[in-house]
Amino acid sequence: MTETIRNTWPSSPWRAAMWAAALALLLLPWVAMQFTGEVQWSPGDFVVFGAMLLGACGAMELGARMNGHLAYRVGVAVAVAAGFGLVWVNLAVGIVGSEGNPLNLMFAGVLLVPVIGALAARFKARGMAWTLAATAAAQAIAAAVVWWLGYTYEALLTCVFIALWAVSALLFRWAASAQR
């Protein structure tokens, strides 16, 4: 059953929808710029956002091809969404203070955990479960540091990402237990 699901990804309507949504998201600021002066993106902004979308969709493509189990694929989607959101918020306004606040570098460090962990686990479901649990823990440590420094609201915001990493870990665990 897993093999059949895996082989359907290249022709999946979900795949087409993902790439179409990425293109729509990339075009959205350009369209908004035609109607209002409130949105002012430079060509560099479009390049960075396009690279982020390409990276996120590429990670989803890789994840969908690595394992056909639905929980695995949803786990990849949740992890990619969490990582994308963390980068986007950090680049746009910064999680702590402005985007130039050095405390925001902690959150870039959090993103090293799933990248290194996924490579070390060779994208196997069991290893990915541990990797995403470690990512949730790293995010929790960052939240604790931010809270300890007096940024209560920012620490609470970070809890959203902790929850996303934890949900992803549970989905990978589910996929791993189904494949035993």
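Only the coordinates and a few stated rules stand behind these numbers; no lab work does. Remember, predicted model here, so these are calculated numbers, not experimental data. Counting neighbours? That spans all protein chains shown, and the Cβs are built from the backbone with ideal geometry, glycine included.
Mean Kyte-Doolittle of at least -0.5 plus a Cα span of 27 Å or more along the axis: flag which DSSP H helices in the chain meet both, please.
13-35, 43-66, 70-92, 125-148, 152-178
Just going by the charge dipole of region 2-178, with Lys and Arg at +1 and Asp and Glu at -1 on Cβ, which of A137, G117, W165 is farthest out on the positive end?
It is G117.
How large is the dipole of region 18-133 about the Cα centre if only Lys and Arg carry +1 and Asp and Glu carry -1, each at its Cβ, rounded to the nearest 20 debye?
Approximately 660 debye in magnitude.
Return, for the Cα atoms of region 124-180, the radius of gyration and Dmax in Å, separated by a comma.
Cα radius of gyration and Dmax of region 124-180 are 13.4, 45 Å respectively.
Give a quick list of chymotrypsin sites (Phe, Trp or Tyr not before Pro) in region 87-158 that DSSP marks as loop, anything other than H, G, I, E or B, with at most 10 other Cβ atoms within 10 Å.
Answer by residue number: there is no such site.
Dividing the convex hull volume of the Cα atoms of region 2-178 by its residue count, what figure in Å³ per residue is obtained?
115
Could you give the length gained by full extension between A81 and L119, i.e. 0.36 nm per residue of separation minus their alpha carbon distance, to one decimal place?
11.8 nm
So for the pair N101, W30, with labels modelled 7 Å out along Cα→Cβ, what separation do we get in nm?
That separation, rounded to one decimal, is 3.4 nm.
Take the alpha carbon atoms of region 59-103, find their center, do the same for region 130-145, and report the distance between the two centers in whole angstrom.
14
Between S11 and W147, what's the calculated FRET efficiency when r is the beta-carbon distance and R0 is 45 Å? Round to 0.05. Mind showing how you got there, number by number?
On the way: r = 47 Å, r/R0 = 1.04.
Between S11 and W147 the formula returns 0.45.
Can you tell me which of 138-144, 98-104 comes out highest on packing, and rank the rest after it, using the mean Cβ neighbours within 10 Å? Write out the running numbers ahead of the final one.
Values: 138-144: 19.6, 98-104: 12.4.
The packing order, highest mean first, is 138-144, 98-104.
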